[in-house]
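The values are calculated or read from the model by the stated rules, or taken from the named source; none is laboratory data. Bear in mind that the values here come from a model prediction, so they are computed numbers and not experimental data. All Cβ positions, glycine included, derive from the backbone under ideal geometry; neighbour counts span all protein chains shown.
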Ligand code: SF4
């Protein structure tokens with residue numbers, strides 16, 4: 001049987017590597033005037049997105065931006081209309097936003113940051129990150145300096161885990177063109193590394209707040225269940241609960257092992273916390289489990305609601321929605337979950 005190639009794959013050394021990279025990044029960021037480590041991450045995100053998408057952002061027509069931003073908002077509000085909205089979004093995103101990388105020689109000014117935010121808003125993929133960029137008040141040149149450092153160093157620490165990304169994208173050729181996840185699916189290696197580092201930083205920043213909460217929930221992506229068609233989970237306010245139909249299922253095992261905690265399955269990152277009430281925002285902390293490109297968005301989605309997060313990464317992608325021909329049950333590093341909870 002042919003070995004499956006994944007866009008990223010972790011191994012037992014990953015958590016040590018990302019910890020070392022996190023230490024180096026935070027040491028370097030002390031050269032600047034950021035008010036805290038979260039602001040250093042915000043600056044890095046702005047710089048990396050500017051580096052990758054700046055040229056396209058500056059070319060983006062304001063009517064196209066508005067149309068795509070409205071469609072993305074409509075999609076979030078009326079998920080039942082997903083099929084026909086996504087068809088239209090896929091065509092517009094491919095036509096206007098999906099461009100080959102072109103070196104960006106423009107200076108990152110306040111006005112250009114607004115154009116970059118318009119681009120991110122049009123993709124619909126960065127909604128939980130955008131408030132952090134709108135409120136960013138530090139020197140924009142620092143975003144560029146951090147990004148240069150990051151581009152020079154990320155491969156050294158994290159390149160091993162994305163070494164098949166190019167091959168994966170080559171094998172899948174024009175895959176996802178005209179689909180609503182075209183930008184997400186074709187994410188650059190730097191975005192993988194940014195999310196890996198971002199998760200490490202957010203884990204450190206929110207550890208104390210997380211520990212202070214009594215009520216802990218584990219949020220699992222639904223690609224962790226053993227059989228997507230026969231799953232008998234029940235929908236509750238914060239997500240689906242396992243009803244223990246199959247002892248071989250990873251969700252079954254985690255739900256049993258952490259029976260003192262709440263464990264929910266989430267069908268899509270966009271639906272997480274939809275049913276959260278004031279009591280959840282006051283009492284709850286979460287360990288979120290997700291694949292790499294959702295890490296920063298997922299972390300900030302949670303903190304934007306005042307729910308302190310920790311996160312653990314899926315060892316590799318697993319779902320056919322975005323990545324594979326067939327679903328395969330996703331796995332995590334169980335030791336890491338034990339350490340985080
Ligand atoms: S064990 Fe739980 S999560 Fe797994 S398939 Fe059954 S109900 Fe679904």
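Remarks
- Whenever a residue of segment 241-252 is in contact (Cβ under 8 Å) with a residue 40 or more places away in the chain and within 19 Å of residue 337 (Cα to Cα), its partners that are part of a loop (DSSP other than H, G, I, E, B) and more than 6 Å from the ligand (Cβ to nearest atom), lying with C-beta atoms within less than 9 angstrom and at least six residues away or across chains, give the pairs 249/329; 250/329; 250/330; 250/331.
- Residue check, residue 184 under 30 Å from residue 240 (Cβ atoms), modelled with pLDDT under 95 and in a helix (DSSP H, G or I): yes
- Spans of helices (runs of 4 or more DSSP H) in segment 241-341 with at least 3 residues more than 16 Å from the ligand (Cβ to nearest atom): 278-283, 295-304, 334-340
- Out of 93, 88, sole residue that is surrounded by 18 or more Cβ atoms within 10 Å (Cβ to Cβ) and either assigned by TED's automatic domain parsing to the domain that holds residue 58 or under 30 Å from residue 31 (Cβ atoms) (or both): 93
- Residue 118 being in contact with a helix residue (DSSP H, G or I) (Cβ under 8 Å, 6 or more places away or on another chain), within 28 Å of residue 305 (Cα to Cα) and modelled with pLDDT of 95 or more: yes
- Counted residues, segment 210-235 - those being touching a strand residue (DSSP E or B) at 6+ places or on another chain (Cβ under 7 Å) and away from the ligand (no atom under 13 Å from the Cβ): 6
One line per residue, one yes/no per condition, for (1) without any contact (Cβ under 8 Å) to a residue 40 or more places away in the chain; (2) within 21 Å of the chain's Cα centre (by Cα):
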| residue | (1), (2) |
| --- | --- |
| 114 | yes, no |
| 118 | no, yes |
| 121 | no, yes |
| 127 | no, yes |
| 132 | no, yes |
| 136 | no, yes |
| 142 | no, no |
| 147 | no, yes |
| 150 | no, yes |
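- Criterion (in the same structural domain as residue 82 (by TED's automatic domain parsing), in contact (Cβ under 8 Å) with a residue 60 or more places away in the chain and surrounded by 15 or more Cβ atoms within 10 Å (Cβ to Cβ)) met by exactly one of 188, 261, 193: 188
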